[in-house]
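Structure first, then comments.
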Amino acid sequence: MGLPGDEIYRSPPPPPGQPNYTGGAVTKPPISVFEVDGKKAKVYCQNLCLLSKLFLDHKTLYYDVDLFLFYVLCERDQHGYHMVGYFSKEKSCMEDYNLACILTLPAYQRKGYGKLLIAFAYELSRREAWAWALPSARCRTWARYWTRVLLEQLRNVKGDVSIKEMSDATMIRGQDIVDTLQSLGLIKYWKGTHLIHADPRVVQEHWAKFAGQRVIEVDPACLHWQPLPTTTARKRP
């Protein structure tokens, strides 16, 4: 006979929110992402924030969760839903950030889940038709994500491509594209304008560094989500 509450650990329930994403065909084990409203599930979201504080020194938000949405990534199996990580975003952000906090639990790190959460945030940005920024361009995880996505675009492009076209295709903000390509030596500044200089040989050399890494792609067909009216009303610059 188990202890009281053991059934929760043996068969963990799903997060208290809407299942926005269910992917099973390309991931093992299958995964789901739930959107949890901080106002409707306050205690759950407060506990997420307190959990994050154990691993993130800069985490400051604990209790004021009403203005945030939390996107919780879970692995699914016959026993239930096992939380892998999450990111949060403000329902209405004046600083153009597409996420506020992101965490992958230590047991699930180095499995591609952190990049998946970032890719998921950008897929939401695509639905909002808005090229959002990330709150800290100094994070190496985000820099690696930008590098991989932009290199993949450059490998597939035929002819010249502009920064705006890259931004439209990836939803990465123009300044983040410039900073990333500068670090790779794939952009030049000519007569007051940044020009992408994508030498195929240099692109391939950088791309080779990503060989063998596990990448979990976001399948847009599996995403069932619509942006809030406050974001769809905005216009891109």
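The values are calculated or read from the model by the stated rules, or taken from the named source; none is laboratory data. Keep in mind it's a predicted model, so treat the numbers as computed, not measured. We place every Cβ from the backbone using ideal geometry, glycine too, and count neighbours over all the protein chains shown.
Tabulated data for the structure shown
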item: Among (1) over 22 Å from TYR71 (Cβ atoms); (2) small (Gly, Ala, Ser); (3) touching a residue at least 24 places away in the same chain (Cβ under 8 Å) - the single one ALA143 does not satisfy; result: (1)
item: Residue match in segment 18-27 (condition: in a loop (DSSP other than H, G, I, E, B), at pLDDT below 90 and of a type outside the set (Val, Ile, Thr)); result: yes
item: Verdict on GLN153 being of a type in the set (S, T, N, Q), over 17 Å from the mean Cα position of the chain (by Cα) and crowded, with 16+ Cβ neighbours inside 10 Å; result: yes
item: Residue selected from segment 1-17 under the condition in contact with a Gly (Cβ under 7 Å, 6 or more places away or on another chain) and modelled with pLDDT of 75 or more, by the criterion surrounded by the fewest Cβ atoms within 10 Å (Cβ to Cβ); result: PRO13
item: Odd one out for THR104 among (1) within 22 Å of ARG148 (Cβ to Cβ); (2) among the β-branched types (Val, Ile, Thr); (3) exposed (fewer than 14 other Cβ atoms within 10 Å of the Cβ); result: (3)
item: Boolean, HIS224 is farther than 16 Å from ARG148 by Cβ, in contact with a Ser or Thr (Cβ under 9 Å, 6 or more places away or on another chain) and either of a type in the set (Ser, Thr, Tyr) or exposed (fewer than 15 other Cβ atoms within 10 Å of the Cβ) (or both); result: yes
item: Cβ-Cβ under 9 Å pairs, at least 6 apart or on other chains, segment 191-212 side modelled with pLDDT of 85 or more, far side of a type in the set (Phe, Trp, Tyr); result: LEU195/TYR189
item: Tally of residues being assigned to a loop (DSSP other than H, G, I, E, B) and under 15 Å from ARG155 (Cβ atoms) across segment 174-196; result: 1
item: Count - residues of segment 75-118 that are part of a helix (DSSP H, G or I) and either touching a residue at least 40 places away in the same chain (Cβ under 8 Å) or touching a strand residue (DSSP E or B) at 6+ places or on another chain (Cβ under 8 Å) (or both); result: 8
